[in-house]
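Taking it in order: structure first as structure tokens, then the write-up.
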Amino acid sequence: MVESKAARLIGAELVVINVGLDIFYQSMVRQKVRVAQVSMPAGPGLEKRLSAALDKIL
Amino acid sequence: MQLMRVTEEAKKVAGVADAVVAMGTSTNKMLMEQMGLLTVEGKAATENDLVLAVRVEENTRLGDALSSIESLLTSQQESGGGPAGGTYFGIATALENLHGANLAVVSLPGGQASGAAEELLKAGLNVHLFSDHVPIEDEVRLKKLAAKNGLLLLGPGAGTSLINGVGVGFANAVARGKIGVVAAAGTGLQEVSVLLDRVGLGVSQGFGVGGTDISREVGGTMMMDCLRLLEDDDGTDLLMIVAKAPNAQVTRKVMSFVGRRTTKPVVACFLGMEASSEGRVHYSKTLHSAVFRAARLSSPAHAKAFEEKVGLSLQGIASSSKKYSSKLKTGQRYIRGLYTGGTLSHESLLILREVMGSAYSNTPLSVELQLQDPSTSKEHTIVDLGDEFFTAGRPHPMIDSTIRRLRLLQEAKDSSVAVVILDFVLGYGCAEDPAGSMAGSIAAAKAAAKKSGRDLVVMGHVCGSSADPQSLEKQSKELADVGVILYPSNAMMAIAAAFVASRGTVKERIVEKWGGLVG
């Protein structure tokens, strides 16, 4: 069953989170799509811990 | 990816004959050795070292070239961080800052991809999972999670999607229209969408579901979910399915779903499956014939446009091929296909099997035709350079042409080679100048063959549109300028190659198979 959020995607303005290759982020920018780039050099688990640690510091 | 871009820029620096800027992985060192750029220092480099190897032209100071390249590296670092929604170092932070996100594109290495996709699905986003090497158990689990939450999980291994006119992954700038495509084949969706565009048709939505979606374990679940979306979409009048032929059980399941749940006309291209029609469902054997069928179902004007812009006549191919083969030596008998697109390579293998008997490959149609060493061709060979063997630790050949350039020069030395066939895939995400990056090597390959008293026929198909960032016309001209014979579809190129390599002796077989392959 993919109705609901999947069905609502059709016809909607695309708002994209790009996780990984910068080249796909750049292609979204080129197509004037609202996009955020997530760079994850380490595993997602570690990222979460790093993010939490940074939140405390900042 | 940034380093690959720096490498391409470095080659353009005045006085630089060749350059590589890459991490010291074993694959990169092997390539540098083949290019004659591996020094003692380069050999000692590890995966954690950045290697900058340069060959300069006479009268160029090495120090000047290195300084220019170092400044390229610095400018890349400084240009990091983006406009639009910005750059973040965690998914949660990005979600907090970009309101209304409804799609995530994930291209992390396989080991990290599942976790990221799960986090994004749980956050309520549809996911286009470009990454491959995701364990099948993870795929099944993630697709159940997506279904439970009413979301799409396109992939893993989804190379291309066209959603609301936006190209996702490797995708072309094509017209919107009334044809909805579900593809378990990345360059299959690209070829279909550009051919539709060329004849004045367009894509409403194009969903790439990844090749493993139609495996026995996954059972085509996302393909069926996407077909349901397209059936319910008022902007879609005709449904297309594009995939390498799945196993019989999955094919029955998907087509049974099509029979029960859809009412619109359907063109099903399970590559290699015999062409036939059952009511509103039309099966096509190749990408070329699938688009021709869609054009005929759309209107007589579109069918005519297809014949004029994409379809070549058998007689026309036969006559031009005679001209090309007349310069070949008797011993030049074989076709070598050097592909960046996996589905295009598969389509050519199918065509050569029908008209030439067989072709070897690193991704063969049957076990006995497996190349023992993917780096070395044998008789008729079609190589998928996007396969893992060539991409481990390297960018995909649609982005970086290094491996294909070296392989082309290797094939040119083989006196039994008659024809080399090449695909040039344009679009968002692909290399900035696929034709330009190969042109020098094509000219060098032809010159090397000529020096040995042979002619080398080089054929090309540009899978692209006029609106693509690289421009179909500009890329075609660059290739024609170095003597590449261009074809409007991959299928037509494969047929023409068979004609040339066989000196027309396969004409009867082609006549017999013509309707199924390109009719």
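Miscellaneous remarks
- Number of residues in region B:207-257 that are modelled with pLDDT under 95 and within 14 Å of chain A (Cβ to nearest Cβ): the value is 0.
- Picking from residues in region B:246-274 that are touching a strand residue (DSSP E or B) at 6+ places or on another chain (Cβ under 6 Å) and more than 20 Å from B:ARG228 (Cα to Cα), the one that is surrounded by the fewest Cβ atoms within 10 Å (Cβ to Cβ) is B:MET273.
- Considering residues of region B:108-149 that are touching a strand residue (DSSP E or B) at 6+ places or on another chain (Cβ under 7 Å) and of a type in the set (S, T, N, Q) only, the residue nearest to the other protein chains (Cβ to nearest Cβ): B:ASN126
- On the stretch given as region B:201-222, residues that are under 18 Å from B:ASN172 (Cβ atoms), under 19 Å from the mean Cα position of the chain (by Cα) and touching a residue at least 60 places away in the same chain (Cβ under 8 Å) total 1.
- The residues in region B:261-300 that are assigned to a helix (DSSP H, G or I), closer than 20 Å to B:ASP213 by Cα and more than 27 Å from the chain's Cα centre (by Cα) can be counted, and the count is 1.
- Of the residues screened, B:THR187 is one that is more than 11 Å from every other protein chain (Cβ to nearest Cβ) and touching a Cys at 6+ places or on another chain (Cβ under 8 Å).
- Tally of residues being more than 18 Å from B:MET35 (Cα to Cα) and surrounded by 20 or more Cβ atoms within 10 Å (Cβ to Cβ) across region B:397-416: 2
- Residue, farthest from B:ALA498 (Cα to Cα), within region B:378-396, restricted to residues that are buried (at least 20 other Cβ atoms within 10 Å of the Cβ) and of a type in the set (Val, Ile, Thr): B:VAL383
The values are calculated or read from the model by the stated rules, or taken from the named source; none is laboratory data. What you see is a predicted model; the values in this text were computed from it and never measured. As a convention, Cβ positions derive from the backbone with ideal geometry for all residues, glycine included, and neighbour counts pool all protein chains shown.
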